[in-house]
Amino acid sequence: MLRKRKEVLIVLCTIAIIMMIGIGIVSPILPHYARSFGVNIAMVGLLITGFGVARILVDIPAGRLVEVLGRRPMLIAGPALLGGASFFCALAKTYPQLLFFRFLQGLGSGLYTTAAMVMLADISNVRTRGPMMSFYQGAILIGAGLGPTLGGYIADIWGIRAPFIVYAFMAVFATAWAYFKLPETKSPKTVREICDDISIDESGDARPGATFMGSILKLFEKKEFLLGSLVTFGIFFTRTGTQNQLIPLLGADRLDLSASLIGTVLTVVTIFQFLALLVAGRLSARLPRKILITPGSVALGIGLALVAFSRSYWSLIVSAMVMGTGIGLAGPVISAYVADTLSREEYGIGMGLYRAISDIGFVVGPVMLGWLADRGGFSTPILLNASFVICIACVFHIFARETAR
């Protein structure tokens, strides 16, 4: 049984690497591709926001679908939709077409990510969940790290539309890999559980799925689930708001760094995140979750504060090291913590809602921090981000109970 679970984990990680390489392949050319349609910078940003909004919209329905249809169909449909949308992104003739197909990419990404998190919860227990989540997050980082470099070379050799074509073929491969290699991990429902999903209205007619909203509302009553989701919201808020948006702008405007040096700073964040993931994965099997989550979140906040006060390239590098370490320690363990708070019957809806809350941070971060930076410079929004993350860590540590001892 353990060997089978490890095989499923390896397949999920392989697909994650392929998917993240694909996302990374298009990231360096996406702004330039959008500008080729004659749009302004705000419309370029809308392509990223639209992708995130699509994920938010599909996260919770995907959680429901994995319970009704199973994990495997969603893990096949997600990459398939991504592949088709990527192909049509390459063929787009107008900006609205490109925006629409980017939205479809977000839907495919949301389907896959939610189903993958649920399957990881299925094949793990309290002792193995932390290491498995860390291993999976490490695979995501590997793919994300390889993608941008490949995308730049592909665009230089074959043109600016080529990365989307390559992404489409990679998604097709991921779809086939999921189809042939992934088993179904959803437990068959008992007659009683199926009946619980059907309520009777006043006319006496059965209404399937009437408990869907009730299941969501029940999750909002779980303090530990909400606190864990809030920590992840803060991490996603930071990744897109400060890490991917304000740090590059600060490096260019305040420190006059070249694009390559800014890229090096972001790479340092990823490297230290990966190293911390390895440590967190090993420790999470033996230590309580909060011992890793709280220090990791505080370290992230300290790293952000150091970014705000950076006045040289090397001080920014040190800040990136601290940030990456914090994200790596807290990120995968908080996912395991949230899964711990759910019963097996709640995995689908629970992980869908968890992903939706995370993706709200993904979308809100760049908009809010960018707006603040336009009005008060870089230091104020980054320090507010740091304070927010540290406050969340303190609230989590004080009020959340431990789920693994």
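FYI, it's all coordinate maths here, none of it is from the lab. Not measured: the values here are computed from a predicted model. Because the Cβ atoms are built from the backbone with ideal geometry, glycine has one as well, and the counts that use them run over all protein chains shown.
When each full DSSP H helix of the chain is screened for a Cα extent of at least 18 Å along its own axis and an average Kyte-Doolittle hydropathy of at least -0.5, the helices passing are 2-26, 41-68, 71-91, 95-123, 126-158, 162-181, 223-238, 259-283, 289-308, 313-340, 347-376, 379-399.
With a simple spin-label model that places each label point 7 Å from the Cα along the Cα-to-Cβ direction, the separation between residue 344 and residue 217 comes to 2.8 nm. With the helix formula -39500 (n - 2.57) applied to DSSP H stretches of n ≥ 4, the chain reaches a computed 222 nm mean residue ellipticity of -27500 deg cm²/dmol. For the chain, the relative contact order is 25 percent, taking Cα pairs closer than 8 Å that sit 6 or more residues apart in sequence and dividing their mean separation by the residue count. Each Lys or Arg adds one and each Asp or Glu subtracts one; over the other residues with Cβ under 9 Å from the Cβ of residue 348, this totals 0. Positive contributions from Lys and Arg (+1) and negative ones from Asp and Glu (-1), summed over other residues with Cβ under 13 Å from the Cβ of residue 89, come out at +3. Our compactness index for the range 247-390, the C-alpha radius of gyration over the empirical 2.2 N^0.38 Å, is 1.14.
Please compute the contact order of the range 1-184 in relative form: average sequence separation of alpha-carbon pairs under 8 Å and at least six residues apart, divided by the residue count, as a percent.
With pairs under 8 Å counted, the relative contact order is 43 percent.
For the listed peptides 314-321, 217-224, a ranking on the average number of other beta carbons within 10 Å per residue, highest first, reads 314-321, 217-224.
Available extension along the chain between residue 4 and residue 36 is 6.7 nm, counting 0.36 nm per residue and deducting the alpha carbon span. If you wrap the range 1-184 in the convex hull of its Cα atoms and look at it from every side, the mean projected area works out to 10.2 nm².
Each distinct pair of alpha carbons in the chain adds a 1/r term; the inverse of their mean, the Kirkwood radius, is 21.6 Å.
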